[in-house]
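The values are calculated or read from the model by the stated rules, or taken from the named source; none is laboratory data. For clarity, every value in this text was computed on a predicted model and none was experimentally measured. We place every Cβ from the backbone using ideal geometry, glycine too, and count neighbours over all the protein chains shown.
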Amino acid sequence: MTKAVPVLTVDGPTASGKGTLSRKLASALNFHYLDSGALYRLLALHLDHQGINPKTPIADQELEQLASLLPVIFYEDRIVLEGQDVTDAIREERVGSLASEFAAKPAVRRGLLQRQWTFRSAPGLVADGRDMGTVVFPDAALKVFLVADVEERARRRTKQLIEKGISVNFDDLLADLRARDARDQSRDIAPLTPASDARLLDGSFLSISESVQQVLQWWMAIAKIA
């Protein structure tokens, strides 16, 4: 019955704008929204609080269990982990880098996979991440792969962090994005790559409203066929 619920996936590299695009699409379609990247960031922060880093020796079974039992609560616009509001904390660049490293571990991906499936409920779901269309929801009705020039992504993320009062160096951020892209694309488990039937959307020089309208046009065309 769950598979009868329509899914629209938006995958892409870090800071490509997939989160903003997905939230607006979910609002326009009145669908549920899954930010899979937030789950990986939450797990990275949770493990960091316990003194566990990507190089810490830990059994796969234990790591998978920690992922599957992640003590998180999602509210409308806030995220609570272990009783603390971590909405802003998980967006720190250090946490993002840790999340990228942990995401390469098979045990982590197994532990979070079931959690992601639970977000699929009527009337539909918009899911964003890096493997939504290839691994988590391969039967999605529409798969979008959002790309953007890495320097443009670095400029956007720098502006975003400065607006939040977070000090950031553009060159350091650019180098980090390039390193994360390389790590995400080369990992053995669920590498960052478009699904064979994904629609490629280059958002380098499109406004968010233009990107939303393009995806909605694709979605409506699919809905008419169905």
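Some observations on this one:
- Residue in the stretch 36-50 that is among the charged types (D, E, K, R), touching a helix residue (DSSP H, G or I) at 6+ places or on another chain (Cβ under 7 Å), crowded, with 22+ Cβ neighbours inside 10 Å and within 21 Å of Ala141 (Cβ to Cβ) present: no
- First in the stretch 55-81 and touching a residue at least 40 places away in the same chain (Cβ under 8 Å), second anywhere and assigned to a strand (DSSP E or B) and not aromatic (Phe, Trp, Tyr), Cβ under 8 Å, 6 or more apart: Leu70/Leu81; Ile79/Val72; Ile79/Ile73; Ile79/Asp85
- Some residue of the stretch 191-200 being under 27 Å from Ala89 (Cβ atoms), modelled with pLDDT under 90 and surrounded by fewer than 17 Cβ atoms within 10 Å (Cβ to Cβ): no
- Filter result for Phe102 (farther than 21 Å from Arg199 by Cβ, touching a residue at least 24 places away in the same chain (Cβ under 8 Å) and buried (at least 20 other Cβ atoms within 10 Å of the Cβ)): yes
- Sole exception among (1) surrounded by fewer than 17 Cβ atoms within 10 Å (Cβ to Cβ); (2) among the charged types (D, E, K, R); (3) under 27 Å from Gln185 (Cβ atoms); (4) touching a residue at least 12 places away in the same chain (Cβ under 8 Å) for Asp88, by number: (3)
- Picking from residues in the stretch 129-141 that are surrounded by fewer than 22 Cβ atoms within 10 Å (Cβ to Cβ) and in contact with a helix residue (DSSP H, G or I) (Cβ under 7 Å, 6 or more places away or on another chain), the one that is nearest to Tyr33 (Cα to Cα) is Ala141.
- Of all residues in the stretch 34-53, those satisfying the criterion of being more than 19 Å from the chain's Cα centre (by Cα) and of a type outside the set (A, V, I, L, M) are Asp48, His49, Gln50, Gly51, Asn53.
For (1) surrounded by fewer than 16 Cβ atoms within 10 Å (Cβ to Cβ); (2) touching an Asp or Glu at 6+ places or on another chain (Cβ under 8 Å); (3) in contact (Cβ under 8 Å) with a residue 40 or more places away in the chain; (4) assigned to a helix (DSSP H, G or I), each residue gets a yes or a no:
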| site | (1), (2), (3), (4) |
| --- | --- |
| Pro123 | yes, no, yes, no |
| Ala127 | no, no, yes, no |
| Val144 | no, yes, yes, no |
| Glu151 | yes, no, no, yes |
| Thr158 | no, no, no, yes |
| Ile162 | yes, no, no, yes |
| Ser167 | yes, no, no, no |
| Asp171 | yes, no, no, yes |
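- Where helices (runs of 4 or more DSSP H) fall wholly inside the stretch 1-72, the ranges with 2 or more residues that are closer than 15 Å to Glu101 by Cβ and at pLDDT 85 or above are 36-49, 60-68.
- Test: residue in the stretch 54-63 that is crowded, with 20+ Cβ neighbours inside 10 Å, more than 18 Å from Arg157 (Cβ to Cβ) and not aromatic (Phe, Trp, Tyr): yes
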